[in-house]
Amino acid sequence: MLFTEEITLLTKCGDDRSAVHLTPAQDRAANHIIDGLRFGNVLLFRAETGMGRTTILHHVRNAMGGAFVGARQFVDALMLRRPDAIEQAFVEMLEDVLDRHETVVVDDLHLVTAITTNYEYKRQGLLDACLEAVLSSARGRKIVFGADGELQLPQAVRNRASVVKLEEFAPEDYRELAGDGFAEIDFAQVHRTAPSLNAYQLRRACVRLGGGRGLTTDGFIGDLNRHHLTSNVELSEVQAVTLEDLKGMDDVIEALEARIALPFENPALAAELQLKARRGVLLAGPPGTGKTTIGRALAHRLKGKFFLIDGTVIAGSNGFDCKVSSIFRAARKNAPSVVFIDDTDVIFEDDSKGFYRYLLTMLDGLESASAARVCVMITAMDVGSLPPALLRSGRIELWLETRLPDETARAAIFRAKLGGLPAPVSNADIGILAAASQNLTGADLNAVVEDGKLMYAYDRLHGEIMRPVEEYFLEAIEAVRDNRRRYRRGKPAQLSESVPLGFGA
């Protein structure tokens, strides 16, 4: 039989991967597997994709003897039968090698169960029953199953197997994977910047960088930033702003610099003092007071370590849970990182999917060590609409209030926006405009400047008698106030519906 011949050949000749040196973490995992088989007959080895699971299992098979089967052998077995004979092909493959070998390593179990547990699959549970029968009659054989990450596996395996998990890579693992050509690279610094890289990512980086000749640590990290530490935000579409654009909120800027930016931008100091960004941050304040501006500024500053959830990911819509989970999964991979959830109170209005419960879990850090390195920053216009459990001590560690700019701040905003324009616009009396714009938000002032410039340009283009330049902006201020009065008298129904909240430019 073709399948039997291939297994025999694989058992006798080994595999090229057996010559690969294991990293320290991989070597410890291999030893745990071998030790575990001394005390039990069934063992499950879990490791994330790209971390060397198959390489480790080949090392175990070479050390203990026996047979190795994986996706390649399963596909070959399935090709000899009908395409829907998945359980039959897998069980016959397993029984065949168990009849002839005391120790069997079965890799890629998750690929088989991904098919048989799909909600559209007609024979769910059959593979579990078949495995129960095979394992019950294995007669003292040693079996190691290899699977990816935390995916659901057959109950028959989970009931019997002791579990070994590959720990996350440390700097010494990075150094081993990179090889001798990268001896000058400070992999402790690389690991502080990107602690969740897998073997594929590191080796691809080394190939791209041509063996490491003349390469600096900053150059290595720069390559990782470009290719692997990627955000879900397209920065070219996000308005370029900085925290310094927030006038009159020096206390908020200082808190963000010290408690968020510092641990991200100074990895050596963060490692020395064991600094971590605040776990949960709430930005609260009226509309237009700079909450989204803070998000935009952090997006440009943190780049691949910034992830956004906003009104484009509407609670209750199809695929919402998957979108949120994938964003948090990417943030954990790039940790330390920030997940910025804009206008959380609006998202919670349609929270039929339990989003806030998921958020509580993330803030509690219950899922993994990497989750504890994710800073969750939420914004809200109405704090009273947030679930009380979200605000209780220990979850939101930093509460920052964005507020209306005072007269000094309004003057600074007008000065920043008009100062670079030609006269007479740049010569407008800032004091008059600042005094007249009381109770307007930063967003309102931006609208005032843009509207005032348009009215000035219109009169100039049509040869009208030009008014004092301040009058154009004072008229724009009154237009903003008039719009507010109209809004208060009766908000149109369509404006109350969930819409994307405009994180982009």
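Derivation of every value follows stated rules applied to the coordinates shown; laboratory data play no part. None of these values were measured; they are calculated from a predicted model. Neighbour counts are summed over all protein chains in view; Cβ atoms, including those assigned to glycine, are modelled from backbone coordinates with ideal geometry.
Dipole magnitude for segment 407-489: computed about the Cα centre from +1 point charges on Lys and Arg Cβ and -1 point charges on Asp and Glu Cβ, it is near 380 debye. Here is the P(r) of segment 235-401: all C-alpha pair distances, binned every 5 Å from 0, give 1, 9, 18, 23, 23, 16, 7, 2, 0 in whole percents. Magnitude of the charge dipole for the chain, about its Cα centre and with charges confined to Cβ atoms of Lys, Arg (+1) and Asp, Glu (-1), is about 600 debye. Between the helical axis of 320-333 and the dominant principal axis of the chain, each derived from Cα atoms, what acute angle in degrees is found, rounded to the nearest 10? Around 80 degrees separate the two axes.
Using only alpha-carbon positions in segment 171-227, the gyration tensor eigenvalues give semi-axes of 14, 12, 11 Å once each is multiplied by 5 and square-rooted (largest first). Mind pulling the angle between the C-alpha long axis of helix 53-64 and the longest principal axis of the chain? Nearest 10 degrees, somewhere in 0 to 90. Long axis of 53-64 versus the principal axis of the chain: about 20 degrees. In the chain, helices alone account for a calculated mean residue ellipticity at 222 nm of -14500 deg cm²/dmol, with every DSSP H run of four or more residues adding -39,500 (n - 2.57).
Taking the square roots of 5 times each eigenvalue of the Cα gyration tensor of segment 245-333, largest first, gives ellipsoid semi-axes of 25, 20, 10 Å.
Highest-first packing order for the peptide set 461-470, 52-61 is 52-61, 461-470, based on the mean count of other beta carbon atoms within 10 Å. Per residue, the convex hull spanned by the Cα atoms of segment 407-489 measures out at 87 cubic angstrom.
If R0 equals 60 Å, the separation of the Cβ atoms of residue 38 and residue 183 corresponds to a calculated FRET efficiency of about 0.95. Peptides 288-294, 72-78 ranked from most to least packed by the mean count of surrounding Cβ atoms within 10 Å: 288-294, 72-78. On full extension, the segment bounded by residue 482 and residue 323 gains 53.3 nm, given 0.36 nm per residue less the C-alpha separation. Simple point charges give the picture: +1 on the Cβ of Lys and Arg, -1 on the Cβ of Asp and Glu, and for segment 235-401 a dipole about the Cα centre of about 720 debye. Simple spin-label estimate for residue 81 and residue 100 gives 1.8 nm between the two label positions (7 Å along the Cα-to-Cβ direction from each Cα). When all alpha carbon pairs of segment 382-454 are counted in 5 Å bins from zero, the resulting P(r) reads 3, 14, 22, 17, 9, 8, 9, 8, 6, 3, 1 %.
Over all projection directions, the Cα-based convex hull of the chain averages an area of 31.5 nm². Entry note: segment 19-130 has Rg to Rh equal to 0.99, where both radii use alpha-carbon atoms and Rh is the Kirkwood radius. Relative to the longest principal axis of the Cα atoms of the chain, the long axis of helix 355-364 makes an angle of roughly 80 degrees.
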